[in-house]
1. Hey, does segment 25-34 have a residue that's among the small types (Gly, Ala, Ser) and at pLDDT 85 or above?
2. Can you tell me which residues in segment 75-85 are open to solvent by 60 Å² or more (accessible area, probe 1.4 Å) and either touching a residue at least 60 places away in the same chain (Cβ under 8 Å) or closer than 19 Å to residue 128 by Cα (or both)?
3. Residue 552 passes all but one of (1) open to solvent by 30 Å² or more (accessible area, probe 1.4 Å); (2) closer than 30 Å to residue 255 by Cβ; (3) at pLDDT 80 or above; (4) not hydroxyl-bearing (Ser, Thr, Tyr); which number fails?
4. If a residue must be surrounded by 14 or more Cβ atoms within 10 Å (Cβ to Cβ), aliphatic (A, V, I, L, M) and either in contact (Cβ under 8 Å) with a residue 60 or more places away in the chain or farther than 17 Å from residue 154 by Cα (or both), how many such residues does segment 180-204 contain?
5. Which is part of a helix (DSSP H, G or I), open to solvent by 50 Å² or more (accessible area, probe 1.4 Å), closer than 22 Å to residue 40 by Cα and not basic (Lys, Arg), of 108, 134, 150, 164?
6. Do we find a residue being under 23 Å from residue 550 (Cα atoms), part of a strand (DSSP E or B) and either modelled with pLDDT of 80 or more or open to solvent by 60 Å² or more (accessible area, probe 1.4 Å) (or both) anywhere in segment 275-294?
7. It is to be established whether one or more residues within segment 479-491 are part of a strand (DSSP E or B), at pLDDT 75 or above, open to solvent by 10 Å² or more (accessible area, probe 1.4 Å) and in contact with an Asp or Glu (Cβ under 7 Å, 6 or more places away or on another chain).
8. Looking at segment 50-82 only, could you name the residues that are assigned to a helix (DSSP H, G or I) and touching a Gly at 6+ places or on another chain (Cβ under 6 Å)?
Amino acid sequence: MFMNLQPTAVSEQISGALPLTRPASVSTSDADFRWRALNALALFRLLMAVLLMAVFISSERPRFFGDNYPNLFLTSLLIWFVGGVVGAIAGSRRVMPLQTLGEIVLFFDIMLICLMALASGGTASGLPGLCLLFVAAGGFILNPLMALFFAALGTVLILGQQAFLHATGSVALLEYPAAGLLSAMLFIVVLAVVPVTRRLAASEALARQQTTDIANLAELNRYVVQHLREAIVVLDGDDNVRLLNDAASRHLGIGLDTINQPLSIHSQALTHHVKSWRRGSDHDPSEQTTMPGLDGSRLQVHIAPFGDKQREDTALMLFLEDISVLAERVQQGKLASLGRLSASIAHEIRNPIGAMSHAAQLMAEQTEGGELAKLSSIIERNAGRVSDLVEDIMQMSRRDRSRPQKLALHSWIATFVPDYAQSLPDDTIRIVGDAEPVEIVFDPGHLRQVLRNLLDNAVRHADASPAAPVLIRWGRAGSTGRPYLELQDHGPGVSAEIEENIFEPFFTQHDAGTGLGLYLCRELCELNRANLTYRRSAEGGSIMHIVFADPERWSGVG
């Protein structure tokens, strides 16, 4: 199916279903990198201004900085600090284009640093060296041409203030080489920083793209895991739940908010299986076991360890497969072929049995009493049993024809029970269902056949006392919310020895039964995605419990 899809079509389908993050473009990433460099430069500017102010205030003459022209130094420093605050606010809020803001702040940085160097004795004060840092920052923030312009501006100002100080007799001629070397370093720094800036921007863009790809891959994995039909639970070495999907949450009754909590808090049965697997020394990693789910399903547990670690502390992945779905498909295939065979056999048997029964009736009419009448009665009774068996087999052959509909269970029961109980004594059947309306999806004909068979058994085995009627109740399961229906009688119940066999075909303890009634009921329930189970009542008697499929999850039914 997927082989015919183009990669573009597949990616469009995935991106339409998932909130995938798109990687930032190279230009966007480069601009973000330059803005961060400008903001970092603003913090450095404020820090240097505070340090220079502290040194200036704390020192006495001769001062380290500003000794030649203290007022010029202090004024320049205050302007630099105030401008640094304004520049930091403008950079954080991005009130103007990056290129424009960078040119303004760097122009004032170089101008004010050179004024403070002039007030402090020129190149010997060390302050012109700050121009190297700010010109290098210009290589990160601005385009290469503007970075070279500010290197040239710094060169002119450094050499200019050195010439002014020499003319006034403040510095010696020997300090010119240092000023020239510093000016040359400005150009060298710009030429070295520009290619590094490009590489850093490209590396950051690549890192962002890879981060986005990893995030998208994680989101895709989460989406796939959550929408798998097979339930998945991942446990760490301490049997804490690290991951589970919607199917596992539904089968086990565990909320998706239980991540990092012990499994034993939520599922004792599954915890027992896991601990038994960990304790075993000769288990195969693909060992399977079965357990009941809280939603009425039958789960097959596949345990797969991660890596080759020791069994006691290795992380595990548990696959919980609802084998009732697979069993239903296998059973449908079996019964499709068996039904055709049994239907043809039953059809051939029905006519001779009918003829035998009719002949026995005629014989009984012609003979009054005596051995012949007794023999004809035996023939007629057993012909009736064979006829009932043929009818049950014919119903089995029609099992694969299901027309599910949405039914209001409370209304359907209220109509069905009075019709069924017409020939029974009053109060033989009592309805004790919830007042809350419950909706199910089931074939009406199949549901009528299931309830007739179950009620026939319940009435046959129930206590004859009016104080012990057959009870019918319905509602929704508290853990899963799935609708259910129960029939409870007050008879002797089923012994534990045969409890597992009552749903097997042709199993019966009564001479008058065919042994197909309960088997046919369970098959019809599974055909309609329901689950029929038996349990003994604490009050005595038997309870037949039907858990219906969730009508909200049934596909194909309007």
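1. We begin by selecting, within segment 25-34, every residue among the small types (Gly, Ala, Ser); these are 25, 27, 29, 31.
With the extra rule that they be at pLDDT 85 or above, the set shrinks to none.
No, that holds for no residue.
2. Narrowing segment 75-85 to residues open to solvent by 60 Å² or more (accessible area, probe 1.4 Å): 75, 78-79, 81-82.
Residues satisfying the conditions are 75, 78, 79, 81.
3. Of everything listed in (1) open to solvent by 30 Å² or more (accessible area, probe 1.4 Å); (2) closer than 30 Å to residue 255 by Cβ; (3) at pLDDT 80 or above; (4) not hydroxyl-bearing (Ser, Thr, Tyr), residue 552 misses just condition (3).
4. Residues meeting the conditions: 4.
5. Numbers: 134 fails: open to solvent by 50 Å² or more (accessible area, probe 1.4 Å); 150 fails: open to solvent by 50 Å² or more (accessible area, probe 1.4 Å); 164 fails: closer than 22 Å to residue 40 by Cα.
Result of the check over 108, 134, 150, 164: 108.
6. From segment 275-294, those under 23 Å from residue 550 (Cα atoms) are 290-294; that's our starting set.
Cutting the leftovers down to part of a strand (DSSP E or B) gives us 290-292.
So of that shortlist, the ones also either modelled with pLDDT of 80 or more or open to solvent by 60 Å² or more (accessible area, probe 1.4 Å) (or both) come out as 290, 292.
Within segment 275-294, one or more residues are under 23 Å from residue 550 (Cα atoms), part of a strand (DSSP E or B) and either modelled with pLDDT of 80 or more or open to solvent by 60 Å² or more (accessible area, probe 1.4 Å) (or both).
7. Among the residues of segment 479-491, not one is part of a strand (DSSP E or B), at pLDDT 75 or above, open to solvent by 10 Å² or more (accessible area, probe 1.4 Å) and in contact with an Asp or Glu (Cβ under 7 Å, 6 or more places away or on another chain), which makes the answer no.
8. Step one: filter segment 50-82 for residues assigned to a helix (DSSP H, G or I), giving 50-58, 70-82.
Residues satisfying the conditions are 56, 73.
The values are calculated or read from the model by the stated rules, or taken from the named source; none is laboratory data. Note that the structure is a prediction, hence the values are computed from the model and not measured. Cβ: placed from backbone, ideal geometry, glycine included. Neighbour counts: every protein chain shown. For accessibility, only protein heavy atoms count, side chains too; no ligands or nucleic acids. Shrake-Rupley method; radii C 1.70, N 1.55, O 1.52, S 1.80 Å.
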